[in-house]
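Asks: This is the structure I have questions about; it appears just below.
No value in this document is a laboratory result; all are computed from the given coordinates. Keep in mind that what you see is a predicted model, and the values were worked out from it rather than measured. For neighbour counting, all protein chains shown are included, and Cβ atoms are generated from backbone atoms with ideal geometry for every residue, glycine included.
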Amino acid sequence: MTARTAAQPAGEHGPPAAIEHGGSGMPTALLGMLLFIASEVMFFGGLFATYFNARASVPAGTWGPPEGAHELDIALAGVLTAILLASSFTMQFGVWAIRRGDIGKMRMWTGITLVLGVLFLMGQLYDYSELGFGIADGVFGTTFYTLTGFHGAHVFGGAVGLTVILARAMRGQFSRRNHVAVEAVSMYWHFVDVVWIAVFSTIYLLR
């Protein structure tokens with residue numbers, strides 16, 4: 001056994017310098033997540049461009065839910081926004097905890113983040129059930145459900161990632177030096193939170 005191997009803490013896998021937070025270079029997983037997020041920025045940019053183009057193509061004052069349908073529930077959307085923003089804080093608390101090596105707090109904050117994400121999705125489904133119009137009901141319906149639906153799908157994907165992270169944490173697979181997956185999922189979760197702020201501002205506040 002070499003001196004380098006002997007110095008590696010029990011339970012760690014791979015060279016510590018490659019996975020330690022604050023070490024030189026960026027781990028491949030984080031670089032991959034950044035590239036994925038960059039592609040998602042372009043994807044959502046296209047969706048927002050489509051939304052604004054559709055909005056500009058209709059007569060002034062007519063943009064909104066079809067006649068006879070309920071108006072958008074801005075109060076509910078505001079509550080969902082607060083929930084998702086809170087989840088961004090709890091996610092970061094979990095990251096800070098694992099950086100300190102506090103696996104217990106990391107599990108707690110990740111679990112809370114997951115619950116908040118599920119609450120957001122449940123609230124969005126409830127909102128859909130109360131609107132009274134669908135994706136095929138006019139240009140607004142199509143763009144509304146496309147933007148919010150794709151974002152909801154990304155939140156669901158983030159919730160799956162959080163579930164995996166929490167399951168791995170329960171099995172003791174993370175430590176202060178080995179937690180790249182936690183950092184990667186947190187980056188993705190912050191991204192979907194920022195996208196929702198843009199969606200909420202565009203659809204609910206800028207009408």
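Asks: How far is the Cα center of the stretch 155-202 from the Cα center of the stretch 68-96, in Å?
Replies: For the stretch 155-202 versus the stretch 68-96, the Cα centre distance is 16 Å.
Asks: Which of Met91, Phe200, Thr50 sits farthest toward the positive end of the charge dipole of the chain, with +1 on the Cβ of Lys and Arg and -1 on the Cβ of Asp and Glu?
Replies: Value: Met91.
Asks: Please report the projected area of the chain's Cα convex hull averaged over all directions, in nm². Please list the in-between numbers first.
Replies: Working: hull surface 51.2 nm².
So the Cα hull casts an average projection of 12.8 nm².
Asks: Another question, then. Once you charge only the Cβ atoms, +1 for Lys and Arg and -1 for Asp and Glu, what is the size of the charge dipole of the stretch 41-108 about its Cα centre, to the nearest 20 debye? Display every interim value, and only then the final one.
Replies: On the way: 5 positive and 4 negative charges, 115 e Å.
Roughly 560 debye, rounded to the nearest 20.
Asks: Under 10 Å, Cα contacts only: if you run a Gaussian network model on the chain, which one of Ala82, Ala97, Ala49 comes out with the highest mean-square fluctuation?
Replies: With Cα springs under 10 Å in the chain, the top fluctuation among Ala82, Ala97, Ala49 is at Ala49.
Asks: So for the stretch 129-181, considering every pair of alpha-carbon atoms, how many percent are separated by more than 19 Å? Intermediate values should be presented prior to the final figure.
Replies: Numbers: 703 of 1378 pairs.
Value for the stretch 129-181: 51 percent of Cα pairs lie more than 19 Å apart.
Asks: Assign unit charges at the C-beta atoms only (+1 for Lys and Arg, -1 for Asp and Glu), then state the dipole size of the chain relative to its Cα centre in Debye, rounded to the nearest 20. Walk me through the numbers on the way to the answer.
Replies: Working: 11 positive and 12 negative charges, 204 e Å.
Taking the Cα centre of the chain as origin, the dipole is about 980 debye.
Asks: Given an 8 Å cut-off on Cα distances and at least 6 residues of separation, report the relative contact order of the stretch 81-207 as a percent. Provide the component values of the computation, followed by the final result.
Replies: Numbers: 116 pairs, mean separation 43.9, N = 127.
It rounds to 35 percent for the stretch 81-207.
Asks: What helices does the chain hold that run 27 Å or longer along their axis, going by alpha-carbon atoms, with a Kyte-Doolittle average of 1.0 or more, using DSSP H for the helix calls?
Replies: Length and hydropathy pass: 28-56, 74-99, 138-170, 180-200.
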